[in-house]
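Taking it in order: structure first as C-alpha cells, then the write-up.
We did not get these values from a lab; they are worked out from the coordinates using the rules stated. Computed from a prediction, not measured in an experiment: that's the story for all the values here. Every residue, glycine as well, gets a Cβ built from its backbone with ideal geometry; the counts of neighbours run over all protein chains shown.
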Amino acid sequence: MLTITPIYAALLAILYVGLSFKVISQRRADKISYGDGGNQDMLKVMRTHSNFVEYTPFALLLIMIVELQGAGGLLLNLLGLTLLGGRLLHAYGFGRSPQIVILRQIGMLLTFTAILVAAVGILVLAL
C-alpha cells in the first residue's frame, strides 16, 4: 500500500488547482476563451500551468514506483519534498512579472533532481 506518495500527490494537486484558477482568472479578466489571444500575461499563466503538467505526473509516477519497490520513508519524503519544492519555486519564479529567474532555475534543478534520483532508485531496487 502506498502511504507517502499520496501525500505529495495531494499537495501537488492543490498547487495544480491553484495554477488552473490563475489561468481561468486571466481568461476572464482579458476575455480570452481560446489560446492566448496574443496576450503576454495569458501566455505566461498558461505556460506556468503547462510546465507543471509536463513534469509533475511523470515525477510522481517515478516516486510511486520507488515506494512500491519498498524504498524507505526518508528517501520517499526527500523525493516528494524535492519535487514539491521544485514545482513551487518554478511556478512562483516563472509566474512573476518580471520573472525571478533564479527561482525558476532552482525549481527546475530540484524537479530534475527528483526525477533522476527516483529513476536511479528504481534501477538500484530493481537490480
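Compute the distribution of all C-alpha to C-alpha distances in the stretch 33-91, in bins of 10 Å from 0, and list the percent of pairs in each, rounded to whole numbers.
Taking all Cα pairs of the stretch 33-91, the binned fractions are 21, 38, 23, 13, 5 percent.
Take Ser50, Ser97 and order them by how many other Cβ atoms sit within 10 Å, fewest up front.
Numbers: Ser50 12, Ser97 8.
Result, fewest neighbours first: Ser97, Ser50.
Sequence gap at least 6, Cα distance under 8 Å: using those rules, report the relative contact order of the chain to the nearest whole percent.
Numbers: 126 pairs, mean separation 35.0, N = 127.
It rounds to 28 percent for the chain.
Over the Cα atoms of the stretch 56-127, Rg to Rh with Kirkwood Rh, two decimal places?
Expressed as Rg/Rh, it is 1.07.
Over the C-alpha atoms of the chain, what are the Rg and the largest Cα-to-Cα span, Dmax, in Å?
Rg then Dmax for the chain, in Å: 16.2, 54.
For the stretch 1-42 and the stretch 84-127, what is the separation of their Cα centres, given in Å?
Rounded to whole Å, the Cα centres lie 18 Å apart.
Pick out the long, greasy-scoring helices in the chain: whole DSSP H runs spanning 18 Å or more along their own axis by Cα, mean Kyte-Doolittle at least 1.0.
The qualifying helices are 73-95, 101-126.
Nearest 0.05, what FRET efficiency do Leu109 and Tyr34 give at R0 = 25 Å with Cβ-Cβ as r?
0.15
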